[in-house]
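These notes concern the structure reproduced below.
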Amino acid sequence: GRSIYTTVDKNKQYLVEKTLLEGIAKYQAKAGNVILMETPTGKIVSIAAFPNYDPGHFQDFDKSSYKNPNVANLFEPGSIFKILVMAAALNEGVINQETICDICNGPINIGQFTIKTWDELYHPNSSMVDVLVHSVNTGMVFISRKLGRDKFIEYLKKLKLGNLTGIELQEEVTGKLKEGSEFRDIDLATQSFGQGIAITPIQMIAAANTIANKGVYITPSIIDHYESQDKIIYPSPPKKEIVFSEKSARLTQEMMVETINRGEAKWAKPKGFSVAGKTGTAQIPIQGHYDPDKTITSFIGFFPAENPKYTMLVSLTEPQTSQWGSETAAPLWFSLATKLSL
C-alpha cells in the first residue's frame, strides 16, 4: 500500500516523448526509444519508447506494444559499442591514443568470413583516435586482438552485459554472453564493433555511463523513495564498481569528443555545445543472416563533455530516410540534448 515516487522528471519526460515522436515521423522509423540518465547517480530521468499503449485501454492495443523495449528487448548495438572496447583496451594498457593500426589497410579474412569497413573505405596506419572518428571496424578487430579473448569477456562481465542491471522494472531481460570454446575468433572480431552480441538499451546506457562517470559503473535506478502513512523509505544506494581507471575513462571521453568534432555526425552538432558521443548503425539479424536494408540506428553520449550531467541513448528502428545513425539518431539526440540543456 505504499506510494512509489520515481526518479522520472515529468517535464523532461514530456519533452523527450514529444521530440521522440517528432523524430520517428521525420525519419519514418518503425519505432524509437530514449533513455536519459543522470550521470553521477544512475537515476533514470526519462525513459520513453514508441509505439506504446494506453494502460487505461490496453485491450485496444496490440500485445507487441506492452513491453518496454528499453529493458525488455535485446538488440545488437553496432558501433556505439566501440567506446566500451576502446576503454577496456586503454585500461589494460595494450593501446594508447596514438597506437597505429597495422591491419587497417583492407578487409580482414577470418575463416570463411570477411570483415569490412561500413563504407568500404580503408585508412592505413590509423591511430586509435582515427579508428573511433571514422568508426573503423577493422581497427576494432585490431584492438580486440590486442585485448585478447579472456580480457574481452572479463570486461563484458564487469559492465554487467551478461546480467540484469537490477533496475526496478519487472520485465528486464538479458542476453547470454558466449564463453569458452563457444567464443570463436569471429565472435571476438564482430563483437568488437557491436555485432553478434545482444544486449538491452538499459544495459548499454549503464555501461556507457561508466565512461562518463570516471570509470565507475553505477546500477541504474528508477525508484526515488516510498511513502507510507508514517514514514518515508529510501532504497539502498545503488551499487558502484570501478571498471576503468579515471585516466582511461578520461582518454576515452577525449576520443569521443574528437569523434563528434570530426566524425560523420559533426554536421548535426550545435555550435558551442560540448558533447562526447558515438553513432551506431546495426544491421538487424533475421533467420540466420542480416537484412541488407533494415537497420537500428543509435547515438549514445553525455553532456557537458567535461563534467557530464546526463548520459543519453537514442535509438530508431528501421528509419526509412537513411539507414545511418549519423543522419537519423544523431540529429535527434542533438535536438533533445539542446532542449534539455535550456
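Count, please, the residues in the stretch 8-47 that happen to be more than 23 Å from Thr210 (Cα to Cα), in contact with an Asp or Glu (Cβ under 8 Å, 6 or more places away or on another chain) and assigned to a strand (DSSP E or B).
Number satisfying all stated conditions: 1.
When the stretch 154-178 is examined, which residues are found to be under 24 Å from Pro238 (Cβ atoms), surrounded by fewer than 20 Cβ atoms within 10 Å (Cβ to Cβ) and not acidic (Asp, Glu)?
Result: Lys157, Lys158, Gly162, Asn163, Leu164, Gly166, Leu169, Gln170, Val173, Thr174, Gly175, Leu177.
Would you pick out the residues in the stretch 247-280 that are assigned to a helix (DSSP H, G or I), hydrophobic (A, V, I, L, M, F, W, C) and open to solvent by less than 10 Å² (accessible area, probe 1.4 Å)?
Ala249, Met255, Met256, Ile260 - these are the residues of the stretch 247-280 that are assigned to a helix (DSSP H, G or I), hydrophobic (A, V, I, L, M, F, W, C) and open to solvent by less than 10 Å² (accessible area, probe 1.4 Å).
Among the listed residues Ala268, Ala212, which satisfies the condition of being in contact with a Pro (Cβ under 6 Å, 6 or more places away or on another chain) and at pLDDT below 95?
Result: Ala268 is the single residue among Ala268, Ala212 that is in contact with a Pro (Cβ under 6 Å, 6 or more places away or on another chain) and at pLDDT below 95.
I'm checking my understanding of the structure. Among residues of the stretch 54-75 that are in contact (Cβ under 8 Å) with a residue 24 or more places away in the chain and assigned to a helix (DSSP H, G or I), which one is nearest to Ile167 (Cα to Cα)?
Val71
What residue, among those in the stretch 226-246 that are surrounded by fewer than 12 Cβ atoms within 10 Å (Cβ to Cβ) and of a type in the set (Ser, Thr, Tyr), is farthest from Ala206 (Cα to Cα)?
Among those that are surrounded by fewer than 12 Cβ atoms within 10 Å (Cβ to Cβ) and of a type in the set (Ser, Thr, Tyr), it is Ser228.
So Val71 fits all but one of (1) of a type outside the set (Lys, Arg); (2) touching a strand residue (DSSP E or B) at 6+ places or on another chain (Cβ under 7 Å); (3) surrounded by 19 or more Cβ atoms within 10 Å (Cβ to Cβ); (4) over 27 Å from Glu264 (Cα atoms); what number is the exception?
Failing condition for Val71: (2).
Among all residue pairs at least 6 apart or on different chains, which show Cβ distances below 6 Å where the first residue, located in the stretch 108-136, is at positive phi and the second is open to solvent by 10 Å² or more (accessible area, probe 1.4 Å)?
Short answer, once both residue conditions are applied: Asn125/Ile100; Ser135/Ser79.
Can you name every residue in the stretch 4-28 that is among the hydrophobic types (A, V, I, L, M, F, W, C), surrounded by fewer than 17 Cβ atoms within 10 Å (Cβ to Cβ) and touching a residue at least 24 places away in the same chain (Cβ under 8 Å)?
Within the stretch 4-28, Ile4, Leu21 qualify.
Can you run down the residue pairs with Cβ atoms below 7 Å, 6 or more apart or on separate chains, where the first is in the stretch 29-53 and in contact (Cβ under 8 Å) with a residue 24 or more places away in the chain and open to solvent by 40 Å² or more (accessible area, probe 1.4 Å) and the partner is of a type outside the set (Val, Ile, Thr) and assigned to a loop (DSSP other than H, G, I, E, B)?
Lys30/Glu318; Pro40/Asn213
Is at least one residue of the stretch 318-330 closer than 23 Å to Ser127 by Cβ and of a type in the set (Ser, Thr, Tyr)?
Yes; the residues of the stretch 318-330 include at least one that is closer than 23 Å to Ser127 by Cβ and of a type in the set (Ser, Thr, Tyr).
Please work out if Ser46 is modelled with pLDDT of 95 or more, among the polar types (S, T, N, Q) and within 24 Å of the chain's Cα centre (by Cα).
yes
Just the residues that are outside any loop (DSSP other than H, G, I, E, B) and surrounded by fewer than 18 Cβ atoms within 10 Å (Cβ to Cβ), please, taken from the stretch 179-215.
Hits for the stretch 179-215 are Gly180, Ser181, Glu182, Asp185, Ile186.
Check Pro308, Pro285, Pro292 and return the single one that is in contact with a Phe, Trp or Tyr (Cβ under 8 Å, 6 or more places away or on another chain) and either assigned to a loop (DSSP other than H, G, I, E, B) or open to solvent by 10 Å² or more (accessible area, probe 1.4 Å) (or both).
After ruling out the rest, the residue left standing is Pro308.
The values are calculated or read from the model by the stated rules, or taken from the named source; none is laboratory data. Just so it is clear, the model here is predicted, and its values are computed rather than measured. Every residue, glycine as well, gets a Cβ built from its backbone with ideal geometry; the counts of neighbours run over all protein chains shown. Ligands, DNA and RNA are excluded from the accessible area calculation, which covers all protein heavy atoms including side chains. Shrake-Rupley method; radii C 1.70, N 1.55, O 1.52, S 1.80 Å.
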